[in-house]
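Trainee: A single structure is presented below for examination.
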Amino acid sequence: MLLHAMAAAAAVPKIAPGQVKVNEAQLRQDVEFLCDSLCAGRASGSASSVEAAGYIVRRLSSLGYDVQGRSFRIDSARVGHNILAGHSKTGRVILVMAYYDGLGMLDGRIYPGADSNASGVAAALALAERFKGRYDLVFAFLDGHNAGQSGIAAIKEELVGRGLSLVLNLDILGCILSPVDPYWKDYLIALGADSFRNTFELANRGLQLHLYYNYYRSSSFTDMFYRRIGDHKDFINKGIPTILFTSGITMNTNRPADVPGTLDYDVFPRRVEFIARFIENYGRK
């Protein structure tokens, strides 16, 4: 059985030129800046986090977005900064969200957070570039994920008030270090997406990603990562269709080893392309 699966995987043809429109070089640039020593791990409330926020704002402004900051109090000593971009339309709005803060510096060592979650931010920026002419998307770049999820708590009611029809949370998207099946490293996990399987299959044509609708085939882990933790969980509780896109935690997650060089730039752009195609197909409904 294993040998058959390995042979089948080896027989899969290479991705045809032109299938992936996502700019790989820009993905790399975004991840590398967010992991640079200037950003020093992007700890919420730090000057280095402000550097990361400034970069995101500049990227979005260069794409023509009306960018709005939403500052909030993390605790008595720290202030966080959420970033919103999109148009003012309300009703049937798609929210794309990714947290940009990290663990910062601990014991004198930088925790770069390349996969967690510079990869999610880079993916969201790529989607913002792809859909800069659309009026039914809002992008939220969240601070405070690693500070008690204080960022989403400060802004969720404002977002719900926009009339959300769909929420997409991009949380760890760049690695292939923890595949669900060891012989299929071109994979993507999409929690909460069972009702979208037909649309997913359409979006996946030519990309050949192996799609999983649970977290490593564990119902308890699926429930935990989808319903109990994550910045998206309150939208589920409000009955808004919500999908968590992830490639799963790895041995590098929340460690200094989570550096840009560990991301896979064959699979990562294909994941982003898949999400972009899904948004395109969803918008036609």
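The values are calculated or read from the model by the stated rules, or taken from the named source; none is laboratory data. A quick note: this is a predicted structure, and the numbers were derived from the prediction, not measured. Note that each Cβ is placed from the backbone with ideal geometry, even for glycine, and that neighbours are counted across all protein chains shown. Just the protein is used for accessible areas: all its heavy atoms, side chains included, with ligands, DNA and RNA removed. Shrake-Rupley method; radii C 1.70, N 1.55, O 1.52, S 1.80 Å.
Trainee: Pairs of lysines 8 or more apart, or on different chains, with alpha carbons under 16 Å: count those in the chain, would you?
Mentor: Numbers: K14/K185; K21/K132; K89/K132; K156/K233; K156/K238.
For the chain, qualifying lysine pairs total 5.
Trainee: Can you tell me the FRET efficiency between N254 and S218 if r is taken as the Cβ-Cβ distance and R0 is 25 Å, rounded to the nearest 0.05?
Mentor: Details: r = 20 Å, r/R0 = 0.79.
Efficiency, from the Cβ-Cβ distance: 0.80.
Trainee: Counting only protein heavy atoms and using a 1.4 Å probe, what share of the accessible area of the chain belongs to carbon plus sulfur, as a whole percent?
Mentor: After summing per-atom areas, the C and S share lands at 52 percent.
Trainee: Label-point separation (nm) for S165 and L63, each offset 7 Å from Cα along Cα-to-Cβ?
Mentor: A separation of 2.0 nm, rounded to one decimal place.
Trainee: Where does the chain land at 222 nm, in deg cm²/dmol rounded to the nearest 500, when only DSSP H runs of n ≥ 4 count, each adding -39500 (n - 2.57), divided by all residues? Spell out each step's value before the answer.
Mentor: Values: 9 runs with 93 residues, N = 285.
Roughly -9500 deg cm²/dmol at 222 nm, from the helical runs in the chain.
Trainee: Let me ask something additional. Please give the FRET efficiency for Y135 paired with Y265, using the beta carbon to beta carbon distance and R0 = 30 Å, rounded to the nearest 0.05.
Mentor: Numbers: r = 31 Å, r/R0 = 1.04.
The pair Y135/Y265 has a calculated efficiency of 0.45.
Trainee: Regarding the chain, what's the average projected area of the Cα-atom convex hull, expressed in nm²? Intermediate results must be reported in sequence, preceding the final value.
Mentor: Numbers: hull surface 59.5 nm².
Mean projected area for the chain: 14.9 nm², to one decimal.
Trainee: As I understand it, the dipole of the chain uses +1 on the Cβ of Lys and Arg and -1 on the Cβ of Asp and Glu, about the Cα centre. Which of Y187, G161, L263 lies farthest toward its positive end?
Mentor: The residue sitting farthest along the positive end of the dipole is G161.
Trainee: Bins of 5 Å, beginning at zero and ending with the bin holding the largest distance: percent of Cα pairs per bin for the stretch 103-164, please.
Mentor: In whole percents, the pair-distance histogram is 4, 14, 18, 21, 21, 12, 6, 3, 2.
Trainee: Could you give the accessible area per residue of the chain, probe 1.4 Å, as a whole number in Å²? Kindly include the intermediate steps, with their values, before the conclusion.
Mentor: Values: 12240 Å² over 285 residues.
Ligands and nucleic acids excluded, the result is 43 Å² per residue.
Trainee: Hey, another quick one. Report, in debye and to the nearest 20, how large the dipole of the chain comes out about its Cα centre when Lys and Arg carry +1 and Asp and Glu carry -1 on their Cβ. Can you show the working numbers first?
Mentor: Numbers: 31 positive and 28 negative charges, 153 e Å.
Dipole magnitude for the chain comes out near 740 debye.
Trainee: Please report the spacing between the Cα centers of the stretch 142-185 and the stretch 41-72 in Å, no decimals.
Mentor: 17 Å
Trainee: Two decimals is fine: what's Rg over Rh for the stretch 73-185, C-alpha atoms, Kirkwood radius as Rh?
Mentor: Values: Rg = 15.8 Å, Rh = 15.4 Å.
Rg/Rh: 1.02.
Trainee: I've got another one for you. Compute the whole-percent fraction of alpha carbon pairs in the stretch 179-285 spaced more than 16 Å apart.
Mentor: Numbers: 3541 of 5671 pairs.
So the pairs more than 16 Å apart make up 62 percent of the total in the stretch 179-285.
Trainee: To continue, here is another question. What's the FRET efficiency of R228 with R73 using the Cβ-Cβ distance as r and R₀ = 22 Å, to the nearest 0.05? Please report the intermediate quantities before stating the final value.
Mentor: Details: r = 25 Å, r/R0 = 1.13.
Using R0 = 22 Å, I get an efficiency of 0.30.
Trainee: In the full protein assembly as shown, how much of D194 is accessible to a 1.4 Å probe, in Å² to the nearest 10?
Mentor: Here the accessible area works out near 90 Å².
Trainee: Give me a comma-separated list of calculated 3J(HN,Hα) values for the stretch 222-229, in order, Karplus coefficients 6.51, -1.76, 1.60 applied at θ = phi - 60°, integers in Hz, x for any Gly or Pro.
Mentor: Per-residue couplings from phi come out as 4, 4, 5, 6, 8, 9, 10, 10 Hz.
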